[in-house]
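S.K.: Quick one: the structure is below, questions incoming.
Read-outs throughout are calculated quantities, based only on the coordinates presented, and are distinct from any laboratory measurement. Only a predicted model underlies this, so the values are computations on that prediction, with no experimental measurement involved. When we count neighbours, we look across all protein chains shown, and the Cβ atoms used for this are built from the backbone with ideal geometry, even at glycine.
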Amino acid sequence: MKYNIVGRKVNLRDNFKERVYKKLGKFEKIFGEDAQAVVTVTVEKNRQTVEVTIRDNGMLLRAECTAPEMNDALDSVVDILGGQIRKNKTKLSKKLKPDSISRYFAEEVTEYGDDDYTLEEEDYKVVRTKTFSVKPLSVEEAILQMNMIGHEFFMFRNAKSGEINVVYKRKNGTYGLLEPEV
């Protein structure tokens, strides 16, 4: 796995980077050599946010946590990522390295003991399908439309690019835009 560690408004120490390699290293057994892990640390006043995004074979795994100490935030993020992998282990095993998921869980149980690490996997069941016309809109118009219907996201055709895009409301109240890669 390739690592990219970025500090926003902070210079990261080598011991934190080593901790990142150690903590995320346990996921290397699951992902391929071409997997990329981007770790972003943001410091604002007395809050430190650690965000980890792992990309491999078109799959995306992401977690974010805020804590007073960046090491605590990193620990929480690694726990969240592990939980996401545990929760979706059978679905992930079809996309990732063969037998990597079962080996990861065998090692995890020996390392931590067998405390409730078997979570029931939920089925992905579509309970409702909506269809609607996709009109060309600007990003600002799409955000306005999303707010008017009271949704957290809105799909639209971008008037500038002609591509299908999604605007969404972020946890902090700002907005995000999803665009397809060209």
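S.K.: Set the Förster radius R0 to 41 Å, insert the Cβ-Cβ distance between Lys130 and Glu18 as r into 1/(1 + (r/R0)^6), and round the FRET efficiency to 0.05. Intermediate values should be presented prior to the final figure.
M.R.: Numbers: r = 48 Å, r/R0 = 1.17.
Using R0 = 41 Å, I get an efficiency of 0.30.
S.K.: How long are the semi-axes of the equivalent ellipsoid of the range 136-178, taking √(5λ) for every eigenvalue λ of the Cα gyration tensor, in whole Å from largest down?
M.R.: On the way: eigenvalues 59, 22, 11 Å².
Its equivalent ellipsoid spans semi-axes of 17, 11, 8 Å.
S.K.: On each of the three principal axes of the Cα atoms of the range 1-79, give max minus min coordinate, whole Å, ordered largest first.
M.R.: For the range 1-79, the Cα extents along the three principal axes come out at 37, 22, 20 Å.
S.K.: Next question, about the same structure. Each label point is 7 Å from the Cα along the Cα-to-Cβ direction; what then is the distance between the points at Thr40 and Ala159, in nm?
M.R.: So the two model labels end up 2.8 nm from each other.
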